[in-house]
Amino acid sequence: MITLLDYGAGNVRSVINAIESLGQKVKVVSGIGDLLSAEKLVFPGVGNFGSMMRILNDKNYVHALKDYLLSDRPFLGICLGLHALFEKSEEAPGTKGLGLLSGHVKKFDIDLSVPHIGWNGINIKKPSRIFNGLRGDEKFYFVHSFHVVPDDDSVVLTTTNYGIEFVSGIQKGNITATQFHPEKSGTAGINVLKNFLEPGSEKKAITHVLTETRLSKRIVACLDVRSNDHGDLVVTKGDRYDVRENGEVRNLGKPVELARTYYEQGADEITFLNITGFRDFPLEDMPMMDVLKQTSKNVFVPLTIGGGIRDYTDKQGRKYTALEVATQYFRSGADKISIGGDAVLIAEAYLRTGKKTGNSSIEQISKVYGAQAVVVSIDPRRVYVSSPDKTNHPVIRTEKKGPLGEEYCWYQCTIKGGREGRDLDAVTLAQVCEKLGAGEILLNCIDKDGTDSGYDIELINAVKNAVTIPVIASSGAGCVEHFYEVFTKTKAESALAAGIFHRKEVSIRDVKNYLSDKVETRLVKNN
Ligand code: 1PR
């Protein structure tokens, strides 16, 4: 029996699913007694150091947890579960950590996008049974803005390079903790979990010793989901956001099955977008929760869900906050939520008043679940102008001229699946959302969606150069070369595609194989 410490601030379902996939049973801590009697404890931390310690204190878990750790029983901390072991964190000055290890937690101070999101490697610093069965050059999924700085080097198990070399794993006696998420790291991560759950007697040597690790560019498979006219939940695909063909919603498959296929092909992340979320209410649209629950049972890479995340009042007048909606999604297996239309309205309000209210969906969800869990999905469309003074919006000089030979354009934000254009441009939206606490931008482009003509490089550069958070380039991928183009002509961290994967024109494996000697990617053989 594995005991799991859930303090209620994140996606523990994926950890439970990963452990259960290894044939073990999980008991979630519901009181101090469970901590005292635990034989093997897993502590997956998500969110913010301050709120984590406050909850642990409120529940009176701190003493029991320290006793457990001091008794040297097997412990696996994940992410914030690693940070908790230290004395303090820059994320919550004045808040005491468990202090089992001397040292502190520091915010990344580097000239790269923060959070550090994605698949990176580990430099193994000492032998451990936790690595049995690994080669040593596998990549693991990271998502964090802070890293630990132990005073005692002897506890360092692994380091990882991201602007600096930081400590990505510690081990002291039976206590192991990783900055990366084994439960989200495909087969390699499941292997690490297995080694913790059933440690072998000998420490087998790894064959590949890395001296410097590199963050991979991520390939994201996107599933636009909605009910078709027969009431079936289907994966569909638009052509410039028009998902109907001969009057019918295109049906390209079933969401759970397709997600599993893309995982097996080596997708680094899966995104589900409930594309009618602007008119539905997700808490009534339980099939999407179900899709997440089913998918997270056997897909061990990060899952993002978008569509309908906003405050809502139902027909009976009951109010729901966007945070409540997001919480249900996280509880169902999502790692990140994506906000579309609501982000535009929030940014417009912010630009009108110049003030953060703290009440917006972006701010609230980011505060509770961390910036890394909040993606803003932008649906822009090109608006051509003959000269920059013809608009108040920031323009770019474009190589792809407009229908009347216009040399300039700006990118107009839309809501409601592209149906309504707003007086706001994509660059400003991205900047405002970053300020309000978004951790990543999913940058679509209506003009490119479903066209197979390649990504809108000009748009991606304009947005990427205006923010410091990671950007997922989306819309237009039609062949493997388009992925190479987007990664070499822009600084986007990820490339998302939908149509070519659904229509089986190109598989994710094809993309990875093509990129393998050109761009840093996670090797498909990991999965
Ligand atoms: O506004 O918070 O309810 O979220 C709704 C979400 O649904 C938004 O993220 C919005 O992007 C998405 N959405 C709404 N309508 C559509 C539509 O297609 N009619 N899909 C839609 C957006 C764009 C991408 C697509 C890429 C890659 N789809 O997700 O997957 O363009 O496609 P490609 O590789 O085939 O070119 P809210």
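Read the figures in this text as sums done on the coordinates, not as results from a lab. Treat the numbers as computed from the prediction; the structure is a model and nothing was measured. Cβ: placed from backbone, ideal geometry, glycine included. Neighbour counts: every protein chain shown.
Over all distinct Cα-Cα pairs of the chain, the Kirkwood formula returns a hydrodynamic radius of 23.6 Å. FRET efficiency for the pair Ser71 and Arg397, taken as 1/(1 + (r/R0)^6) with r the Cβ-Cβ distance and R0 = 51 Å, rounds to 0.20. Here the sum of -39500 (n - 2.57) over DSSP H runs of 4 or more residues, divided by the residues of the chain, equals -8000 deg cm²/dmol at 222 nm, to the nearest 500.
Counting only DSSP beta bridges with both residues in the chain, the antiparallel share comes to about 50 percent. In order along the stretch 443-456, the phi-based Karplus estimate (6.51 cos²θ - 1.76 cosθ + 1.60, θ = phi - 60°) of 3J(HN,Hα) comes to 9, 7, 8, 4, 5, 9, 3, x, 8, 6, 9, x, 6, 7 Hz; Gly and Pro are listed as x. The local environment of Tyr241, defined by Cβ-Cβ distances under 11 Å, has a net charge of +1 under the rule Lys, Arg +1 and Asp, Glu -1. Our note on the geometry: Cα centres of the stretch 71-100 and the stretch 460-483, 36 Å apart. The stretch 57-212 has equivalent-ellipsoid semi-axes of 23, 20, 13 Å, by the square roots of 5 times the alpha carbon gyration tensor eigenvalues, sorted largest first. The amide H of Glu520, built 1.01 Å from its N in the peptide plane, has Lys217 as neighbours under 5 Å, considering only residues 5 or more places off or on other chains. For the pair Lys27 and Asp137, label points projected 7 Å from Cα toward Cβ lie 4.3 nm apart. Classify the stretch 224-266: rounded, prolate or oblate, from the alpha-carbon gyration tensor (a ≥ b ≥ c, eigenvalue square roots; a/c under 1.5 rounded; otherwise prolate if a/b is larger than b/c)? Note, shape of the stretch 224-266 comes out oblate.
When the alpha-carbon atoms of the stretch 392-527 are used, the pair Rg, Dmax equals 15.6, 50 angstrom. 3J(HN,Hα) couplings calculated from phi for the stretch 45-50 with the Karplus curve 6.51 cos²θ - 1.76 cosθ + 1.60 (θ = phi - 60°) are, in sequence order, x, 9, x, 10, 4, x Hz; Gly and Pro show x. Measuring from centroid to centroid over Cα atoms, what is the spacing of the stretch 1-25 and the stretch 105-165 in Å? After rounding, the separation between the Cα centres reads 22 Å. Within the shell of other residues whose beta carbon sits under 14 angstrom from the beta carbon of Ile457, the net charge comes to +1, with Lys and Arg scored +1 and Asp and Glu -1.
So, counting K/R as plus one and D/E as minus one, what does the shell of residues with Cβ under 10 Å around Val519 add up to? Around Val519, the surrounding residues sum to +1. Under 5 Å from the amide H of Lys27 lie the amide H atoms of Ile2, Thr3, Leu4, each residue being 5 or more positions distant or on a separate chain, with H modelled from the backbone and absent for Pro and chain starts.
Of all DSSP bridge pairs formed entirely within the stretch 206-293, close to 55 percent run antiparallel.
Amide H contacts under 5 Å for Leu424: Cys413, restricted to partners 5 or more places along the chain or on a different chain, H placed in the peptide plane at 1.01 Å from N.
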